[in-house]
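Here's the structure we're looking at; comments come further down.
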């Protein structure tokens, strides 16, 4: 037996809740501890299951093994993953701890916040952890997730009062609520919804602002910019180089139309719009610094703003790559040193790579069509120096830029 949300799987809500209660009991704690100590690998799960079934109920063993698997996966999101209560669907939609903490700072000073569609509690924990948090109304129509959210918040010993409410968020009164965060479902039984689609729909989520001015809406990073209402801000958030999600902020929460946030090693870096003149466009030259902006920057539409901050130029008005004569360390882009630059010609490129004693090749493609895997195979050399090749356009001409890592 495995955990599912209340609306999925073969288990009834009552059966799923009873299984959760059994896992939370002394017997369940003993079983989960034994599984954790065994540290099962894929090849050993079956033998461990057979061994555990000699002492524990088979359904309980199956549920515990599933929970252990989810806790292992959750370690990339949560610092206390090995003690948390999770379902597969709940973990997939849950926000990473570092992103949730960053986002919760916008709600500082609001005494009562509603976390709508709270799931297993990733954002709830962060919202309730603030020193000035008063109470958090945690709403979800999935009773199992709601119980897990309450238990997970208790695990993190949050200071705020948690008020769980099993309900459809569209039926919930918000009188006395100072701020709302909502994470609408972007999955159905058939998989992910289309970009911008959710349940409740985006229009309904945006309409919350008519009842509570301070509203944040979690969205997929691929959300089309043209469906974002006027006056609302869009923040793109990346963990390192991995773009994770978007957040729509109501006018009361942000006066900026776009933001790009990059979180590295729990340090938060946010890029805001920087108005200015149009950027110069020039070809990269050997010795230049070549910059590949973070996907949060490109999705937020802040490539030119980043260039103004670090004094860089563009190589094409429709390509996100930047070039600078000086190295300016930035969390918002990967910086490389230009070794060679010129029109795209695969034969000439192979000859130049051979001269450079090239070894491993990593191709970064922007603005130019082509099969990257096939080209990588054709350009691969037997040398020792690793290179990154930008397969791109310069002033609308197919272009190649050979780069290497900047040595400290």
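Quick notes on this one:
- Scope segment 380-398; condition outside any strand (DSSP E or B) and touching a residue at least 60 places away in the same chain (Cβ under 8 Å); matching residues: 395, 396
- Segments classed as helices (runs of 4 or more DSSP H), wholly inside segment 19-110, with at least 3 members that are in contact (Cβ under 8 Å) with a residue 40 or more places away in the chain: 58-74, 88-93, 97-104
- Residue in segment 166-174 that is farther than 30 Å from residue 19 by Cα and not assigned by TED's automatic domain parsing to the domain that holds residue 329 present: yes
- Flag if residue 81 is at pLDDT 95 or above, under 19 Å from residue 147 (Cβ atoms) and surrounded by fewer than 21 Cβ atoms within 10 Å (Cβ to Cβ): yes
- Residues of segment 204-232 satisfying the condition of being free of Cβ contacts under 8 Å to residues at least 12 places away in the same chain and either in contact with a helix residue (DSSP H, G or I) (Cβ under 6 Å, 6 or more places away or on another chain) or closer than 12 Å to residue 170 by Cα (or both): 207
- Among residues of segment 343-379, those that are touching a residue at least 24 places away in the same chain (Cβ under 8 Å), in a helix (DSSP H, G or I) and over 24 Å from residue 318 (Cβ atoms), counted: 6
- Checked against the criterion of being on the phi < 0 side of the Ramachandran plot, free of Cβ contacts under 8 Å to residues at least 12 places away in the same chain, assigned to a loop (DSSP other than H, G, I, E, B) and assigned by TED's automatic domain parsing to the domain that holds residue 370, segment 312-328 has no qualifying residue.
- Of all residues in segment 142-166, those satisfying the criterion of being assigned to a loop (DSSP other than H, G, I, E, B) and surrounded by 14 or more Cβ atoms within 10 Å (Cβ to Cβ) are 142, 156, 158, 160.
- Residue 398 vs. criteria in contact with a strand residue (DSSP E or B) (Cβ under 9 Å, 6 or more places away or on another chain) and loosely packed, with under 15 Cβ neighbours inside 10 Å: no
- Criterion: closer than 24 Å to residue 243 by Cα and over 27 Å from the mean Cα position of the chain (by Cα) - qualifying residue of 340, 369: 369
The values are calculated or read from the model by the stated rules, or taken from the named source; none is laboratory data. Quick caveat: nothing in here was measured; it's all calculated off a predicted structure. Reconstructed Cβ throughout: ideal geometry from the backbone, glycine too, with neighbour counts over all protein chains shown.
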